[in-house]
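Have a look at the structure below before the remarks.
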Amino acid sequence: YFLLIKPMVRDLFAKAEAERALREVQASYEFLRQDAEERIRAEALERTKADARIQFQARILAVVQQAVVATGKGGVILYWNRFAEWMFGWTEDEVRNQTLAKVTGFTSEAARSGLSGFGAVKGWTGEVKAVRRDGSAFPAYLTCSTIWRGDGSVAGFVYTFMDISERKSAEAAIRDSEEKYSTVVENSPTGIFIYRNGRLEFANQRFFQMVGRSQNDLAAMDVADIIHPDDWAMVREMWRRRL
């Protein structure tokens with residue numbers, strides 16, 4: 001028993017233990033392999049999703065109807081979308097490694113203060129005068145936002161430009177029209193006033209001369225006070241039909 005059976009049983013037991021341990025190792029290895037494969041597949045899927053998201057965002061930036069420019073912290077251009085090419089006349093390859101101020105030719109003091117130091121880090125919006133490749137200047141509305149790294153440091157800035165030439169022209173036309181209208185109204189031999197929501201909002205000088213009042217009386221004036229009582233009903237009915 002001691003010389004043969006017990007050593008044999010011990011060896012068999014040890015072999016069984018070794019086989020069991022081997023199976024456990026193999027099972028652990030298989031679990032780790034499957035887990036690693038799952039992690040690899042999950043990471044690959046996440047990378048695929050991230051790549052698709054980046055490509056989608058890049059396509060959006062490429063077709064958006066605003067010039068979009070990204071720079072490093074020092075102002076060197078890193079990204080220049082197609083609309084920026086159309087707006088300024090420079091291709092992305094031509095502006096790469098150039099500074100934004102040099103390419104776009106800002107002349108506004110507000111832009112210079114906004115594109116450097118605390119103004120840029122905080123973010124800045126405003127009107128600037130920009131210059132195209134051919135030297136022609138145009139008014140633009142600029143926004144500047146900071147690109148932050150994960151550790152909270154500044155990685156760079158992203159800018160958007162909108163050409164507001166048409167808006168500026170429209171504003172100038174409106175101002176010109178208002179000036180002409182004001183000149184005609186103020187020099188009219190007819191008394192003119194604007195009556196709205198139960199009160200007089202405006203009257204020209206000829207009106208005040210005709211009724212014997214002044215500009216200071218406008219807020220307290222009532223139309224009924226300047227129309228004869230016999231005509232008030234007729235005037236009220238005329239206004240009702242007009243409205």
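The values are calculated or read from the model by the stated rules, or taken from the named source; none is laboratory data. Please read these numbers as outputs of a predicted model, since none were measured by experiment. Cβ sites come from the backbone with ideal geometry, for glycine too, and all protein chains shown count toward neighbours. Areas reflect the complete protein model, heavy atoms only, side chains present, ligands, DNA and RNA absent. Shrake-Rupley method; radii C 1.70, N 1.55, O 1.52, S 1.80 Å.
When region 69-114 is filtered for residues that are open to solvent by 70 Å² or more (accessible area, probe 1.4 Å), more than 23 Å from Ser165 (Cβ to Cβ) and either outside any loop (DSSP other than H, G, I, E, B) or at pLDDT 85 or above (or both), the ones remaining, listed by number, are Leu78, Asp93, Glu94.
Looking at region 177-190, can you tell me whether even one residue there is open to solvent by 40 Å² or more (accessible area, probe 1.4 Å), touching a residue at least 12 places away in the same chain (Cβ under 8 Å), of a type outside the set (A, V, I, L, M, F, W, C) and part of a helix (DSSP H, G or I)?
yes
Output the residues belonging to region 124-176 that are in contact with a strand residue (DSSP E or B) (Cβ under 9 Å, 6 or more places away or on another chain), assigned to a loop (DSSP other than H, G, I, E, B) and in contact (Cβ under 8 Å) with a residue 12 or more places away in the chain.
Residues satisfying the conditions are Arg132, Ile164.
Return a yes/no flag: does region 185-202 have any residue that is basic (Lys, Arg), modelled with pLDDT of 80 or more and touching a helix residue (DSSP H, G or I) at 6+ places or on another chain (Cβ under 9 Å). Don't jump to the end; show me each part of the working.
Filtering region 185-202 for residues basic (Lys, Arg) gives 196, 199.
Narrowing further to those that are modelled with pLDDT of 80 or more: 196, 199.
Of the ones still in play, those that are also touching a helix residue (DSSP H, G or I) at 6+ places or on another chain (Cβ under 9 Å) are 199.
Within region 185-202, one or more residues are basic (Lys, Arg), modelled with pLDDT of 80 or more and touching a helix residue (DSSP H, G or I) at 6+ places or on another chain (Cβ under 9 Å).
Looking at this structure, is Asp231 at pLDDT 85 or above and in contact with a Phe, Trp or Tyr (Cβ under 9 Å, 6 or more places away or on another chain)?
Judged against the criteria, Asp231 is not a match.
The set of residues from region 202-230 being open to solvent by 70 Å² or more (accessible area, probe 1.4 Å) and not in a loop (DSSP other than H, G, I, E, B) comprises Gln205, Arg206, Gln209, Met210, Gln215, Asn216, Ala219, Ala220, Asp225, Pro229, Asp230.
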